[in-house]
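Report on one structure; see the data block that follows.
Throughout, read-outs are computed from the coordinates displayed, never taken from laboratory work. The model shown is predicted, which means the values in this text are computed figures rather than measured ones. Cβ coordinates were reconstructed from backbone atoms using ideal geometry, including for glycine residues, and neighbour counts include every protein chain displayed.
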Amino acid sequence: MNIVMLEKMADGQLRKINERPWDEKLILALDAANYVLIDRKEYEMIEGRLNLDDNVFELLLITAGGHGGGSGH
């Protein structure tokens, strides 16, 4: 299954930052993880949505330590 990672910006807009296939082990790891690193930037995982129309799992992220649109670690 493909996972689409969307960053919630300070103005409420969503920005697609990554899409890649994940296997079952990575999907199961979502239960234990609260943060994800993408291109050396840390994001907090806020919520997930299963998008059956596009056959993807979408993760809503914000920059770690912020409320969207802040600076990364």
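Checking each residue in region 47-61 for being within 10 Å of the chain's Cα centre (by Cα) and charged (D, E, K, R) picks out GLU47, GLU58. Residues in region 1-29 that are out of contact with any Pro (no Cβ under 8 Å at 6 or more places or on another chain), under 18 Å from ASN51 (Cβ atoms) and in contact (Cβ under 8 Å) with a residue 24 or more places away in the chain: VAL4, MET5, LEU6, GLU7, LYS8, LEU14, ILE17, GLU19, TRP22, ILE27. In region 21-51, of all residues being surrounded by 13 or more Cβ atoms within 10 Å (Cβ to Cβ) and among the charged types (D, E, K, R), the one that is farthest from GLY65 (Cα to Cα) corresponds to LYS41.
Residues in region 1-20 that are surrounded by 12 or more Cβ atoms within 10 Å (Cβ to Cβ) and part of a strand (DSSP E or B): how many?
Narrowing region 1-20 to residues surrounded by 12 or more Cβ atoms within 10 Å (Cβ to Cβ): 1-10, 14-15, 17-19.
Cutting the leftovers down to part of a strand (DSSP E or B) gives us 2-8, 14-15, 17-19.
Counting residues in region 1-20 that are surrounded by 12 or more Cβ atoms within 10 Å (Cβ to Cβ) and part of a strand (DSSP E or B) gives 12.
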